[in-house]
């Protein structure tokens, strides 16, 4: 059991700030002598500012109480600072979907248990994915899934939670766009042969989705890359090629039962770095943060931050 930190910085989104259960859990730990600094986020820029302040104040752990977007902003701040001064990071899931926390077996709907883990759990060295000099801890989804996430109204998310993304996806099925891409896979020699792309370059492919996972889940608990590990120095990649409406059943079966390598419409690879070139801009979503570009360069910062996780988290490499 690791030594319980004496100084914790808790960064809360407004949903977390309204939780009486979390307030009571904070007071319990303060009563045991732990310094818990609480900061409530009113606008997006607050997250990085509070994270920088926590680092300057010498916090041993920063707890991101929010969704994947809150977590992403804290991760970016940690990576922007001095590696020798980086606090460990912990997660209290208070977002719409909580995909990363769900995949890691971090307690959901139990603030006391999640805060106890944040204080007492082991901090594991984990990877952070990169795309075009931006970061993602969980997943980057490009194409159809990014479009759905960006266009799902906040009111629907508030009402349905993660299921809102599924509803929007179903509504959007008749008009799924495809993108002509060229793919270049680089320096993936340490990857098991079964998970390597068939060639270093794929010059032309029409795809509707590219999912690049450090974590496993996206869009409200959908398992896109179920073999992904957060500490293996690599990224798992799911490609869905364009299809006709009559092929939808096959596509769904291939996505729900992914196997490594190539199938009729779905491919699953494990890589360290790769590039995507497009004829037209493709939307991409990084842990809930939207971007759009003609070119994406994906990579990974191996074991660059320390993340508090349950020892039995499925996303940890047990080798």
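Descriptive notes on the structure:
- Among 283, 198, 93, residue whose mean-square fluctuation peaks in a GNM of the chain (springs only between Cα atoms under 10 Å): 198
- Top of 99, 68, 203 by mean-square fluctuation, Gaussian network on the chain, Cα under 10 Å: 203
- Each peptide among 31-43, 304-316 gets the average number of other Cβ atoms lying within 10 Å of its residues, and from highest to lowest they stand as 304-316, 31-43.
- Stretch gain in nm, segment residue 201-residue 280, where the contour uses 0.36 nm per residue and the Cα spacing is subtracted: 26.5 nm
- Segment 39-116: relative contact order in percent, alpha carbon pairs under 8 Å with at least 6 residues between: 28 percent
- Cβ-Cβ distance of residue 42 and residue 20, R₀ of 25 Å, FRET efficiency by 1/(1 + (r/R0)^6): the value works out to about 0.80.
- GNM result for the chain, Cα springs below 10 Å: residue of 179, 268, 94 fluctuating most strongly: 179
- Spin-label model, residue 49/residue 302: points 7 Å from Cα along the beta carbon direction are separated by 3.8 nm.
- Gain upon complete extension [residue 294, residue 318; 0.36 nm per residue less C-alpha separation]: 4.9 nm
- Two-decimal log10 I(q)/I(0) for the chain, as the Debye equation yields it once each C-alpha is a single scatterer, q = 0.07, 0.12 Å⁻¹: -0.27, -0.79
- Counting all C-alpha pairs of segment 1-42, share separated by more than 17 Å (%): 33 percent
- Stretchable slack from residue 110 to residue 247, in nm (0.36 nm times residue separation minus alpha-carbon distance): 45.2 nm
- With q set to 0.21, 0.24, 0.31, 0.33 Å⁻¹, the log10 of I(q)/I(0) for segment 55-101, from the Debye formula over equal scatterers at the Cα positions, is -0.67, -0.82, -1.13, -1.21.
Laboratory data are not the source of any read-out in this text; all were calculated from the coordinates shown. Keep in mind it's a predicted model, so treat the numbers as computed, not measured. All Cβ positions, glycine included, derive from the backbone under ideal geometry; neighbour counts span all protein chains shown.
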